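Read-outs throughout are calculated quantities, based only on the coordinates presented, and are distinct from any laboratory measurement. Remember, predicted model here, so these are calculated numbers, not experimental data. We place every Cβ from the backbone using ideal geometry, glycine too, and count neighbours over all the protein chains shown.
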Amino acid sequence: MTWQDGEQLAPQTFPVTRADLVRYAGASGDFNPIHWNDRTATAVGLPGVIAHGMFTMALAGRALVAWSGDPGAVIEFGVRFAKPVVVPDDDRGAEVTVGGTVKSVADGVAQVELTVTCGGEKVLAQARAKLRVAAQG
């Protein structure tokens, strides 16, 4: 892949359902009831069941892999959790959209800034990554 400074990367949209949260809980071992039980989630002040923060981050990581075509291209990746992804108890769930902008490319490394939203609201902040790319020629 060859990227240019300022290039906009095609947005990736990922559905998130309660079933996804159950599968993630099993894989991660994080069975906190705020990720599956509405009563518990609302009792602690949340608007409803929320996705695991690391699950949301993993969706952004999936976008990085889709753009690069190679999971080994991701050198560095970090985020701050800004808002929870609320997942309704229905067949549609929520959608997380990940967009990206190439901030710079130098010495075969692209610096990418991500925009990660759900329902039009930013759910991850300071989402940045470094990816190995083809050297500019």
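Go through segment 67-80 residue by residue and tally those that are surrounded by fewer than 15 Cβ atoms within 10 Å (Cβ to Cβ) and either among the aliphatic types (A, V, I, L, M) or farther than 27 Å from Trp3 by Cα (or both).
Narrowing segment 67-80 to residues surrounded by fewer than 15 Cβ atoms within 10 Å (Cβ to Cβ): 69-72, 75-76, 78, 80.
Checking which are either among the aliphatic types (A, V, I, L, M) or farther than 27 Å from Trp3 by Cα (or both) leaves us with 75.
Total meeting the criteria: 1.
Can you tell me how many residues within segment 123-137 are in contact with a helix residue (DSSP H, G or I) (Cβ under 9 Å, 6 or more places away or on another chain) and either without any contact (Cβ under 8 Å) to a residue 24 or more places away in the chain or in a strand (DSSP E or B) (or both)? Spell out how you get there, then give the answer.
The initial filter retains those residues of segment 123-137 that are in contact with a helix residue (DSSP H, G or I) (Cβ under 9 Å, 6 or more places away or on another chain), namely 123-124, 127, 129, 131-133.
Checking the rest, the ones that are also either without any contact (Cβ under 8 Å) to a residue 24 or more places away in the chain or in a strand (DSSP E or B) (or both) come to 123-124, 127, 129, 131-132.
The qualifying residues number 6.
State yes or no: is Trp67 within 29 Å of Arg132 (Cβ to Cβ), assigned to a loop (DSSP other than H, G, I, E, B) and of a type outside the set (Asp, Glu)?
On the way: within 29 Å of Arg132 (Cβ to Cβ): yes; assigned to a loop (DSSP other than H, G, I, E, B): no; of a type outside the set (Asp, Glu): yes.
So Trp67 does not fit the description; no.
How about segment 86-98: which of its residues are of a type outside the set (Gly, Ala, Ser), closer than 12 Å to Phe14 by Cα and either surrounded by 17 or more Cβ atoms within 10 Å (Cβ to Cβ) or touching a strand residue (DSSP E or B) at 6+ places or on another chain (Cβ under 6 Å) (or both)?
Selection gives Glu95, Val96, Thr97, Val98.
Which of the residues belonging to segment 1-58 are part of a helix (DSSP H, G or I), surrounded by fewer than 17 Cβ atoms within 10 Å (Cβ to Cβ) and of a type in the set (Asp, Glu)?
The one that is part of a helix (DSSP H, G or I), surrounded by fewer than 17 Cβ atoms within 10 Å (Cβ to Cβ) and of a type in the set (Asp, Glu): Asp38.
Being of a type in the set (S, T, N, Q) and either in contact (Cβ under 8 Å) with a residue 24 or more places away in the chain or under 19 Å from Gly53 (Cβ atoms) (or both) is the filter here; which residues of segment 91-122 pass it? Give the derivation first.
Just the residues of segment 91-122 that are of a type in the set (S, T, N, Q), to begin with: 97, 101, 104, 111, 115, 117.
Thr97, Thr101, Ser104, Thr115, Thr117 - these are the residues of segment 91-122 that are of a type in the set (S, T, N, Q) and either in contact (Cβ under 8 Å) with a residue 24 or more places away in the chain or under 19 Å from Gly53 (Cβ atoms) (or both).
For segment 72-83, check the following and say yes or no: at least one residue is outside any strand (DSSP E or B) and either in contact with a Pro (Cβ under 9 Å, 6 or more places away or on another chain) or touching a residue at least 60 places away in the same chain (Cβ under 8 Å) (or both).
yes
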